[in-house]
1. What percent does the relative contact order of the chain come to when contacts are Cα pairs within less than 8 Å and at least six residues apart?
2. Run the dipole for the chain about the Cα centre, Lys and Arg Cβ at +1, Asp and Glu Cβ at -1, nothing else charged, and hand back the magnitude in debye, nearest 20.
3. With an 8 Å cut-off on Cα pairs and a minimum separation of 6 or more residues, tell me the relative contact order of region 161-273 in percent.
4. Could you run the Debye sum over the Cα atoms of the chain, one equal point scatterer each and no solvent, and tell me log10 of I(q)/I(0) at q = 0.14 Å⁻¹, two decimals?
5. Just the projected area, averaged over all directions, of the convex hull on the alpha carbon atoms of region 161-273: how many nm²?
6. Using the per-residue mean of other Cβ atoms lying within 10 Å as a proxy for protection, in what order, highest first, do the peptides 49-56, 126-133, 22-29 fall?
7. For the chain, give me the percentage of DSSP beta bridges that are antiparallel, rounded to the nearest 5 percent.
8. To make sure I understand, if each residue's beta carbon is the centre and we count other beta carbons within 10 Å, what order do 65, 193 fall in, fewest to most?
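Every number in this text was worked out from the coordinates using simple rules, so none of it is lab data. Keep in mind it's a predicted model, so treat the numbers as computed, not measured. Don't worry about glycine lacking a Cβ; one is built from the backbone with ideal geometry, like all the others, and counts go over all protein chains shown.
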Amino acid sequence: MSEATLRAAMAERAARAGGVVARETFRGDVAVETKANKNDLVTEADRDAQRQVIATIRQEFPNADFVCEEDSRPLGTDTTSVDLLDAVPETGDAWIVDPVDGTDNYVRGIRLWATSIATVSAGEAVAAATFLPAEGDIYTAGPESVSRNDESMTVSERGDPETFAAALIGWWAGMEGGEYASLFEAVADRFGDLRRLGSMQGTLALVASGGLEAAFMPKTPHPWDAIAGVYLVRRAGGTVTDVHGNPWSNGDDGLVASNGEAHDAVLDAVRDGLDLD
């Protein structure tokens, strides 16, 4: 078994382990804090799940490096914190962890939230897993397969944009109301259905498995919000670019993902909405 295949299996195992921890307090009494703004939330479930993910991975990869959404806290009875990397390294291996992607959904009792993990080598993803604990679905991709619940999956085969279900990722913080309205209108006018689901990794998993034909984010996503999902979409046969049409890489401007059947149409709609032409 190759190193990347081993990492894919570990990503799935760790995503399940972290997701199960978070699920224990879902729709329960959990403390909520704010971070950058009043809509940027974190709970103890986020931190507990992240600790579990790290502990699970370090059982097999004791020297693993991590890039995580939440801050570092002691693991179990250990009195030391894990030293987290500030950014995805350009050399060596690392694990990119979002313990609860869609925390606002989690806090509101909405079932679409995810524990998501990618493993990278020299800055490029080599395996990923996204677990939707409340739904019971696990999406896994490695060098040899891409699956949902251990069954092979592919992107949707729809080619007519008027039949597409597309999803806007993220919120409008940092965008003027008129900018957001223009983007929404440009996309809604061209596709059959437009949604906003509240979990970037959950949304990208749906593109990868054919539930959605497209998803887009106007702003630069954090690595833990995107790398795993982008890898899933690409391994399932889809296309992911930045808003300029270049193959997406961590740190690029925006993100546009599709089943690849009419990616230019999706990209054009997003660019028109952002007034980039």
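1. Working: 652 pairs, mean separation 46.2, N = 277.
17 percent.
2. Once rounded to the nearest 20, the dipole reads 800 debye.
3. 30
4. The Debye formula, applied to the Cα set alone, gives -0.94.
5. The orientation-averaged projected area of the Cα hull of region 161-273 comes to 5.9 nm².
6. On the way: 49-56: 23.5, 126-133: 27.8, 22-29: 15.6.
Result, highest mean Cβ count within 10 Å first: 126-133, 49-56, 22-29.
7. On the way: 36 of 45 bridges.
That works out to approximately 80 percent antiparallel.
8. 193, 65
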